[in-house]
Every structure is written in C-alpha cells, then in structure tokens.
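Coordinate-derived values only; no laboratory data. Only a predicted model underlies this, so the values are computations on that prediction, with no experimental measurement involved. In this analysis, Cβ positions are derived from the backbone assuming ideal geometry, glycine residues included, and neighbour counts consider all displayed protein chains.
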Amino acid sequence: MEEINGMLTAEEILVAEKCLEKSLALGADNVRITLNKSLMELFGTLNGELDKVSHCLDRSISVCLFVDGKFGSFSTNRLVESELDDFLKKAIATVRMLAEDPCRDLPDPSRTAKNAVTGKELGLYDETYPALTSDERLRMAIDASIFKMHCDEGLISEEGEYSDSIFDSLVLDSNELRCRHTETSFEYGVEVTVQDADGNRFSSYWWDATPMLKDLNIKDCGEIAFKRAMSQIGPVKIESGKYSMVIESEVASRLVTPVLNALGGYSLQQKNSFMLDSLGKKMFPEWLNIWDRPVSVGETGSRLFDSEGVATAEMPIVENGVVKEYFVNTYMSRKMGVEATVEDATRPVVLPCFAPSVAEPVEATCGKEELMRIVGEGILVTGFNGGNSNSATGDFSFGVEGFLFKDGKIVHPVREMLITGNLLTLWNNLLAAGNDARFCKSKLIPTLAFGNVDFSA
C-alpha cells in the first residue's frame, strides 16, 4: 500500500505529464497542467478535552486547454492514466463549442519561473513532518489548553484546534514550463469565552502558524486569548465624532486588502475599482510604501511563481505614495492592452513610516503601545464586526470593537461603533505604520495609525 504523506508521488507526476502529452496529441494547441495535493490533520479540543479529529487528503489535476483560439479549464480528482483519454476528448470537444477569445494564451516563457525545480527552494518544508504521529498531535492540542487554570476566573468555554498540513503543487505547460512548490504548515488557534458578574459574555481568538513545527508558539495562544477576552469586560458607548485610530496588526489587513484588490486586473478591466487609472500617480501620502516580497526564504506566504507559472519578484506596489504596480495576468493584460505582471500580490508588506506631524519613536520595535503613545488619544481597534467596502468608489462602513485611549494609555473598552469614510481619504490621513507585523500571516501588515476617522455610535 502506498504511504500517504501528502507529497506528490512519481506516479501522480507521471499522470500529469501524460495528460499534457495526450492533450496535445488530441488537438490542443497549448496546455497548462496544474497538479495539487494536500493533506491536513486536525485535533480539536473543548475545555481541555478531545472534541474532534479530522483527516483530509485532497488531490486534483486541472487542465487549461487552448484549442483553435478557444479556451476552457477542466479538473478531476481521478488521477488514473487509463481514464485520461476519455476525459480529455470530452474536454477538448467542449472547448471547440465555445466562442473564440484571442486574449487567451500561455504566458511568455521568458516570464515564467526557472528556479522552482524541487519545490523546496524557499525552505518551507519541514523534514520532520512525515514522522509526526497522531499521539504527538493530540498531546500538543491537549497541553495547549488553559481551561482548568482559568475556569474559576470567569472562563466558561475554550475551543482549541491544532492542525498541520502539507501542500504540494506542480505546474506544467506546453512551453516547457515545469515548476513546483512544496510547503508544510503548523497552526494552533483558540477561542475563549468569559463571563462577567452580570452574566455578559465576551469572546476572543488568538492563533499562530508557521512552516516549521519548532517555531510554532502554542503555549501562549490560550493566555493571550483569555487576556484579550477579559479586557473587553465593562464596555462603554462613546460619542460619535472624529477620532484618531490605531488599528492593531492582527486586523490591519482589513484596510489593506481592498486596496490590493482594487489594483487587480479583473477589477480594473471591469472598471469596478477605485484605483482605476492610478498607475504612476501619487494616490497616497509620500511616507507610505507597500512592497511585495514574495521570495523570503522560510517565511509564510512566500512563492516563486503564481498560478500561471509566472516568476514572482520583489517589487514596489506603492512607493512614496505613488502606485507602481497593477496585478495583471496574461489574459487581463491582453484585454487591457497593458504589460502583464503577476496575478496578485503574493506577500505584501507595509513598511514602517511616520508622517511629518508625528515624532519618530526611539524604540527598535514599534507596535500598538508605541503608536498609542505617539498619537496620544483616540480609539484602538482590535476587531471588526461586519461591514463592507465599495470596490468601485472605495467608500466603506465597518463595525469595530476596541478601546478608548488617552495619554497613550487604554481607558476602557468601547462597543457598538462604526467607522465610515473613503479608503483613499483614510489612507491619506495615515499617521504612522509600525514594524510589528505578524509573520504567521501572508500579508505583513503592522499596526497602523490614522487621523480624523469618523466613528459613529
């Protein structure tokens, strides 16, 4: 019996290669094959006791076919060579019934990755992963629990999950592209609920993730979640008005993601983007710099290529307030008549910065405490409760939770607050960005501080 460890086998890779060959033989002009395999193990606990166990193995092969100026994409989880002919014949016949689309093509071979041969070049695969046992996974999940230590201090519920996974991906195309990405991930997350003397309940979640098991910080997650939940007790409703806002790194990506999405080719081509016609223009304050750093060895989110096999590279997205990059794949570049880049920001980083109106800190590490001290007074946002943003206009309305702070110190938690405005206006009121981004995330967004934010009760 084949050992199941989540890695692509030689037999599965051979099927992908045969799929490419057969597609061309059956009449396809060009082909891209993507072979994915993943394995996840999960152990969940409830109040320190085992609650659930999950084992999930998934594999699939995706076939992008370019036939007589037409395009179609098909996938199957049946990786059986004897079944390929029938699958591909039907797929090619289907493509031939579609309308022509002259913008569809494989990327220029000069733009594709040449350095992703083994899949392990970025150091994202933990060699100890295959030896990890179910007993070890269970022990880590159980040992992480803090329920018994705090159940007499207001803690009424604790749900923890330890999981680990491996993802292995191979991309081939008829232009001789061959690139592979292999990574492991280890994660622990816990949600706790506390209750005050009046029976009001407050919840909080904390987690950590890393490609290497030795770097996973399990033991502190429960304590951090418990502390954050307890800090919410006694919320006060404050008056509506304009406040300075410090948004902690844990949730700051909520304000960055809409900007990145608005720089994507699909949104731009559909004219559904508030960043339309922004390339090369100063849209943000000159002290804002956002870079894509996708090839950081050993760091979560790093990739050497996108889904087309196009090589990633370090590049500025916003430099000194000027938009430097759109994210445009091969198809959208032809539709828009612009140069192709990569399909998305792989690992965006907001660099530390300070507006001329605020003093730069002396400390080497600048997080929420330092930014609150610099700002003086305002609202510290620690979470979001719903809301949305308009991709075409940039207008937003988000429910938030957090704390009122004065003289750089937290006064009390706040509740039932909304922030509203426009994303471009908000970002142009940026006061500072720290350097405390959490490396367990693929978006490295630090604590951010903004001025003149509209809060409403």
Span-like helix ranges in the chain, DSSP H, alpha carbon extent 15 angstrom or more, Kyte mean at least 0.0 = 10-25, 84-96
If the viscosity is 1.567 mPa s and the temperature 4 °C, what Stokes-Einstein diffusion coefficient in µm²/s follows for segment 241-456 when Rh is the Kirkwood radius over Cα pairs?
-> 73
The lysines whose Cα lies under 27 Å from the Cα of residue 22, excluding any fewer than 8 residues away in the same chain, are 37, 70, 89, 90, 114
Take every Cα pair under 8 Å in segment 296-455 that's 6+ residues apart, average their separations, divide by the length, and report that relative contact order as a whole percent.
-> 22
In Å, the Kirkwood hydrodynamic radius from C-alpha pairs for segment 160-228 sits at 14.7
For segment 305-350 and segment 400-445, distance of Cα centres in Å = 27
Computed ³J(HN,Hα) along segment 302-315: with the Karplus parameters 6.51/-1.76/1.60, θ = phi - 60°, integer Hz and x for glycine or proline, the list is 5, 8, 8, 7, 8, 5, 8, x, 6, 5, 7, 7, 5, 7
Karplus (6.51, -1.76, 1.60) ³J(HN,Hα), θ = phi - 60°, over segment 167-179, in Hz, Gly and Pro reported as x | 10, 10, 9, 10, 10, 10, 8, 6, 9, 6, 5, 8, 9
Going toward the positive end of the dipole of segment 10-230, with +1 on Lys and Arg Cβ and -1 on Asp and Glu Cβ, which of 14, 212, 199 do you reach last?
-> 14
Match the structure shown to one of the listed values (1) 120, 57, 47; (2) 71, 56, 38; (3) 63, 55, 42 of Cα extents along the principal axes in Å, computed from it, and give that label.
-> (2)
Over the chain, calculate the relative contact order: mean separation of alpha carbon pairs under 8 Å at least 6 apart, over the residue count, as a percent.
-> 15
Find the percent of Cα-Cα distances in segment 45-102 that exceed 13 Å, and round it to a whole number.
-> 69
Given Cβ charges of +1 for Lys and Arg and -1 for Asp and Glu, the option among 273, 169, 106 whose Cα lies farthest towards the positive end of the dipole of the chain is 273
Rg (one decimal) and Dmax (whole number) from the Cα set of segment 1-125, in Å, equal 18.6, 60
Over the Cα atoms of segment 204-332, what is the Rg over Rh ratio if Rh follows Kirkwood?
-> 1.05
Quick one: check the C-alpha center-to-center distance for segment 87-116 versus segment 177-216, whole angstrom.
-> 38
Residue by residue through segment 118-132, the couplings from Karplus 6.51 cos²θ - 1.76 cosθ + 1.60 with θ = phi - 60°, in Hz, x for Gly and Pro, are 8, x, 10, 4, 8, x, 9, 10, 8, 5, 7, 4, x, 8, 5
Least to most buried among 31, 322, 192 (fewest other Cβ within 10 Å first) = 322, 31, 192
The residues 440, 221, 151, sorted from fewest to most surrounding Cβ atoms within 10 Å, come out as 151, 440, 221
Rg to Rh quotient for segment 86-221, alpha carbon positions, Kirkwood Rh = 1.22
Could you list log10 I(q)/I(0) for segment 72-163 at q = 0.11 Å⁻¹, which the Debye formula gives when each Cα is one point scatterer?
-> -0.77
Members of 214/406; 227/443; 324/441; 18/271; 52/237; 271/443 lying beyond 31 Å, as alpha-carbon distances in this model show | 214/406; 18/271; 52/237
Ranked from fewest to most other Cβ atoms within 10 Å of their own Cβ, 95, 400, 117 fall in the order 117, 95, 400
Summing -39500 (n - 2.57) over the DSSP H runs of n ≥ 4 in the chain and dividing by its residue number, what mean residue ellipticity at 222 nm do you reach, to the nearest 500 deg cm²/dmol?
-> -5500 deg cm²/dmol
